[in-house]
Amino acid sequence: MNKIIVIRLKEVLTERGLEQKQLAEMTGLTERTISELVNNKTLRYPKSALESIINALDITDINDIITLVDKNNSEVI
């Protein structure tokens, strides 16, 4: 089974009633960076960006924003 890493930022923002622009303002990251993470367009995940998001959203478990998905059928593992 081939697995891929998926950023769950879109779901987290929806759950918290936040928009990408608001998160960009909260973190000091660009809206483009946030958008690329939300849409899973990022090939490399910048540690500093993830740390900024984790701190801004008060995330205590990395699994809240990062998960593994089966590449063949896109099911969350």
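A few points about this structure:
- Residue selected from segment 22-74 under the condition among the small types (Gly, Ala, Ser) and not in a helix (DSSP H, G or I), by the criterion farthest from Arg8 (Cα to Cα): Gly28
- Residue, nearest to Ile4 (Cα to Cα), within segment 40-58, restricted to residues that are in contact (Cβ under 8 Å) with a residue 24 or more places away in the chain and touching a Leu at 6+ places or on another chain (Cβ under 9 Å): Asn40
- Subset of segment 22-43 that is under 12 Å from the mean Cα position of the chain (by Cα) and of a type outside the set (S, T, N, Q) - its residue that is farthest from Ile66 (Cα to Cα): Leu23
- Within segment 1-34, the residues that satisfy the criterion of being within 22 Å of Asp61 (Cβ to Cβ), crowded, with 17+ Cβ neighbours inside 10 Å and hydrophobic (A, V, I, L, M, F, W, C) are Val6, Ile7, Leu9, Val12, Leu13, Leu23, Leu29, Ile34.
- Answer from Leu43, Leu37, Leu68 - the residue that is crowded, with 16+ Cβ neighbours inside 10 Å and of a type outside the set (Ser, Thr, Tyr): Leu37
Each reported figure results from applying straightforward, stated rules to the coordinates on display, with no laboratory input. It should be emphasised that the depicted structure is a prediction, and the values quoted were computed from it without experimental measurement. So basically every Cβ, Gly included, is an ideal-geometry build from the backbone, and we count neighbours across all protein chains shown.
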